[in-house]
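Below: the structure, in structure tokens.
The values are calculated or read from the model by the stated rules, or taken from the named source; none is laboratory data. Here the structure is a predicted model, which means the values were calculated and not measured. Backbone-built Cβ (ideal geometry, glycine too); neighbour counts: all protein chains shown. When the accessible area is computed, the model is the full protein with side chains, heavy atoms only, and any ligands, DNA or RNA have been set aside. Shrake-Rupley method; radii C 1.70, N 1.55, O 1.52, S 1.80 Å.
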Amino acid sequence: MLAAPVPDSDLPLAATGSPWGADGRWVLTNGPDVAPLKRRLYLARPLPTDQPPPDVVEGPDFRRIHTGMDGLVDWSEFCFTPTYRTAVAGTAFEVDQAEWRTLRVTSTGPVLLHVNGELLLHADTVTYMEPAEHEVRVWLPSGISQVVITSWQVGFRECRQVVRLRVGGLPVRVVIPSPGADEWVAAEAERVLNAVGTPTWGTTNGEVTLTGPEGARLRVGREVVTLTDGRATVRLGEDAAGAVGSASMLASGEVVLRVSVDDDRSPVFREFPVAVLPPLYRPEPVGPPEQWRAELLAHVRATTPSVATELAGGRVRAAALERSLWMIANRADCADFEAVGLLTLLHRVEDWEPGLRDEVRAALLGFKYWIDQPGLDAMCYFTENHQLVWHTAEMLAGELFPDETFGNTGWTGSAHAEHGRALAAEWITRRLAGGFSEFNSNAYLAIDALALVSIVELAADAALVADARELLDRILTGLSVTSWRGVNGAAHGRSYVNTVRSSRFEETAPILWLCYGVGALNAAVLPATALATASRYEIPAAPASQELVTVSSSGEYRFEHDLLSRPYGSDVVVYKTADVMLSTVEDYRSGLPGLQEHIWGATLGPETQIYVTHAPNSSTSSSARPNAWAGNRILPRARQFRDVVLALYRIPPDDPMGYTHAWFPLSTLDWWEQRGVWTIGRRGGGIVALACEGGARIVTTGPDAYQELRPHGPGTAWVCVVGDPDPAEPEFWSDGVRYRDLSLDWEGP
């Protein structure tokens with residue numbers, strides 16, 4: 001993989017004037033609509049076609065990989081600034097008899113295909129998330145052929161970069177050259193590793209269990225273990241905790257275990273992602289609110305130095321602001337979050353290292369604060385949470401420096417303050433009237449809270465402060481309504497894999513700890529720290545608990561703010577008892593393509609979240625939206641009737657994966673069994689039962705071992721019941737399901 005910055009001179013867009021129109025710079029910030037621009041960039045700087053491909057030999061130039069079920073080689077990455085990316089994948093295969101074959105190359109960007117040194121395909125197609133397929137007929141001579149695919153992409157924020165090679169016709173024998181390898185030993189190692197799994201995705205104590213063939217000797221990093229009774233325990237390295245991310249945005253928390261057989265003659269291996277879970281989780285309040293605040297601030301001061309640590313500690317050091325200042329100087333995506341944090345520091349903290357306050361002041365005076373202001377960049381302005389953060393940052397910067405000239409626009413601070421104030425007021429008014437399009441997001445409600453508390457604490461406009469306070473009250477009390485024992489397990493408008501596997505990673509978790517004494521303390525602490533250090537804002541009391549509630553949102557998208565022009569709406573049903581929670585967003589855009597929506601799920605604990613998705617690929621990367629476990633390729637129709645969810649899925653004949661699957665982490669349960677079409681589990685006093693036509697098998701190998709269910713039947717209808725240890729037999733038919741006296745089909749009410 002080679003990566004290089006995209007110079008502004010390469011971008012055929014105007015850096016000033018209106019950002020709109022076919023050639024407007026707005027396209028830089030929006031994945032789907034940027035594809036034509038990416039193709040233009042590629043045609044201006046295409047991959048060289050006159051250079052011979054490298055020899056395919058495992059070593060310094062080629063690293064062996066093992067793909068997931070989708071067969072995709074995946075280099076996807078989030079690019080904070082515009083970045084050119086070129087990557088090469090290669091293989092070698094053998095045929096005994098020369099014959100024609102069909103090679104099918106799948107990619108999200110331009111590719112070159114070389115076979116035995118000859119260029120057979122040069123495609124310049126660019127897609128967003130779903131790759132395009134190209135087909136080539138090729139005569140394969142007897143013996144070994146080398147195939148090399150060169151992939152090109154340019155990253156503007158999330159960069160989905162994948163390729164896949166499929167060989168049509170008779171099978172071929174893969175013979176990737178690996179110095180010192182033994183073909184027969186490697187073949188046996190493949191069979192052993194195909195049977196290995198990690199039945200627990202997350203760990204709080206650094207221990208990870210491996211399952212597999214009895215007596216297998218496995219090498220895990222530098223450690224060698226033998227599977228006794230089909231199991232072994234390994235410990236993560238001391239640096240594993242470093243995977244939990246920064247204080248502004250939470251990373252996946254994952255480290256990767258590389259597992260191979262204990263034989264140097266085998267080059268094959270598997271990689272298993274394992275999350276280091278934040279250890280501090282609380283299901284019930286302990287002590288008074290003053291204690292919760294003190295616990296949060298003590299935790300923040302112990303995290304990686306950042307804006308949040310300085311806000312909690314009362315002294316600002318240069319080392320803590322390096323990342324924030326880099327992001328602002330480079331106009332990196334999410335720099336708006338950092339700008340609000342820095343403005344809070346300028347107001348709240350008096351003790352600064354010499355010269356540092358002036359450095360921050362200069363950075364803010366030179367920054368860009370909205371899409372219509374000058375500059376070519378790929379910062380996101382259009383999702384709901386970013387909009388308010390931008391408007392807050394612009395308003396507060398303008399109010400702090402009213403008479404200064406801001407270098408990017410030439411405006412005075414007062415002009416910026418008024419521009420940001422008007423946009424912030426409009427945003428807040430719309431949410432007070434209709435609610436959020438990113439409904440109950442366990443990532444982005446925290447960011448909304450950061451902006452709103454900053455307005456309450458620092459803004460000059462009394463009416464705006466009052467509206468911000470009211471909306472922030474609604475967010476915090478709403479989090480209490482949609483959470484259960486510190487887990488924000490209700491349906492989400494936008495979520496990520498790590499948060500629907502463990503609530504300890506939710507960015508709302510530290511806020512719940514601070515406000516209501518439950519939740520988790522992780523590394524995403526800037527919003528909670530801003531709340532904890534507030535002097536004008538008072539955290540509202542938790543509302544009285546209700547067994548069954550519906551939380552509704554509705555509004556209108558506006559193109560110049562959302563890049564969409566249509567209504568939005570959601571009805572989230574939440575059912576809670578002392579032992580379990582069940583939640584669904586009902587009839588949410590059913591049958592249409594999905595993104596990051598978490599449609600329904602049952603919650604029995606921080607790592608016991610049960611749900612089903614229609615997976616478009618095997619990825620768990622946040623740059624694949626949707627992916628294997630976050631979002632759905634096609635959104636289901638789901639309805640909830642108190643303690644029962646009925647969910648219908650549509651899987652078209654050309655679906656890339658062809659199935660739905662359930663996350664059902666057995667290791668987190670006290671007891672479980674499969675009974676007919678049902679998989680039933682219990683944790684504490686909570687019971688969940690999940691059924692589909694023909695029942696489901698438990699996946700016992702790979703990174704999702706004993707955590708994933710795959711349907712035996714079509715997988716187009718599911719029933720989830722909580723609190724019932726003896727569920728009735730459901731009835732399934734094409735496009736429909738009945739459970740007891742409840743039924744659902746695609747067309748009916």
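Just a few scattered comments:
- Evaluation of M395 against (1) among the aliphatic types (A, V, I, L, M); (2) open to solvent by less than 10 Å² (accessible area, probe 1.4 Å); (3) under 30 Å from Y84 (Cα atoms) (one fails), failing number: (3)
- Residue match in the stretch 32-48 (condition: in contact with a Lys or Arg (Cβ under 7 Å, 6 or more places away or on another chain) and either surrounded by fewer than 19 Cβ atoms within 10 Å (Cβ to Cβ) or in a loop (DSSP other than H, G, I, E, B) (or both)): no
- Residue tally, condition hydroxyl-bearing (S, T, Y), in contact with a Leu (Cβ under 8 Å, 6 or more places away or on another chain) and either more than 24 Å from P703 (Cα to Cα) or open to solvent by 50 Å² or more (accessible area, probe 1.4 Å) (or both), over the stretch 157-208: 1
- Hits in the stretch 622-658 - residues which are open to solvent by 10 Å² or more (accessible area, probe 1.4 Å) and aromatic (F, W, Y): F641
- Subset of the stretch 103-156 that is without any contact (Cβ under 8 Å) to a residue 40 or more places away in the chain and of a type in the set (D, E, K, R) - its residue that is surrounded by the most Cβ atoms within 10 Å (Cβ to Cβ): E133
- G555 being under 23 Å from L744 (Cβ atoms) and touching a residue at least 24 places away in the same chain (Cβ under 8 Å): no
- Conditions (1) open to solvent by less than 20 Å² (accessible area, probe 1.4 Å); (2) farther than 30 Å from L346 by Cα; (3) among the aromatic types (F, W, Y): number failed by F505: (2)
- Answer residue from the stretch 288-304, given it is in a loop (DSSP other than H, G, I, E, B) and within 18 Å of L531 (Cβ to Cβ) and is least open to solvent (accessible area, probe 1.4 Å) among those: T303
- Residue that is open to solvent by less than 50 Å² (accessible area, probe 1.4 Å), aromatic (F, W, Y) and over 30 Å from N330 (Cβ atoms), where the choices are F401, F439: F439
- Looking only at residues of the stretch 690-708 that are of a type in the set (A, V, I, L, M, F, W, C) and either surrounded by fewer than 20 Cβ atoms within 10 Å (Cβ to Cβ) or in a loop (DSSP other than H, G, I, E, B) (or both), we find that the one that is nearest to the chain's Cα centre (by Cα) is A705.
- Taking the criterion of being under 28 Å from the mean Cα position of the chain (by Cα) and either among the small types (G, A, S) or in a loop (DSSP other than H, G, I, E, B) (or both), the residues of the stretch 265-283 that qualify are F269, A275, L277, P278, P279, L280, P283.
- Residue ID - farthest from A578 (Cα to Cα), chosen from residues in the stretch 659-689 that are of a type outside the set (A, V, I, L, M, F, W, C), open to solvent by less than 30 Å² (accessible area, probe 1.4 Å) and part of a strand (DSSP E or B): T660
- Residue list for the stretch 709-734, filter: farther than 22 Å from R642 by Cα and surrounded by fewer than 22 Cβ atoms within 10 Å (Cβ to Cβ): R710, H712, G713, P714, W733, S734
- Candidate set from the stretch 126-144 (those that are under 21 Å from F78 (Cα atoms) and of a type in the set (V, I, T)); member that is farthest from the chain's Cα centre (by Cα): V126
- Qualifying residue in the stretch 606-616 (condition: crowded, with 23+ Cβ neighbours inside 10 Å, within 23 Å of S590 (Cα to Cα) and small (G, A, S)): yes
- Qualifying residue in the stretch 59-78 (condition: assigned to a loop (DSSP other than H, G, I, E, B), open to solvent by 20 Å² or more (accessible area, probe 1.4 Å), farther than 25 Å from I144 by Cα and touching a strand residue (DSSP E or B) at 6+ places or on another chain (Cβ under 7 Å)): yes
- Residues that are farther than 23 Å from D654 by Cα and either out of contact with any Lys or Arg (no Cβ under 6 Å at 6 or more places or on another chain) or in a loop (DSSP other than H, G, I, E, B) (or both), drawn from the stretch 600-620: W600, G601, A602, T603, P606, E607, Q609, I610, Y611
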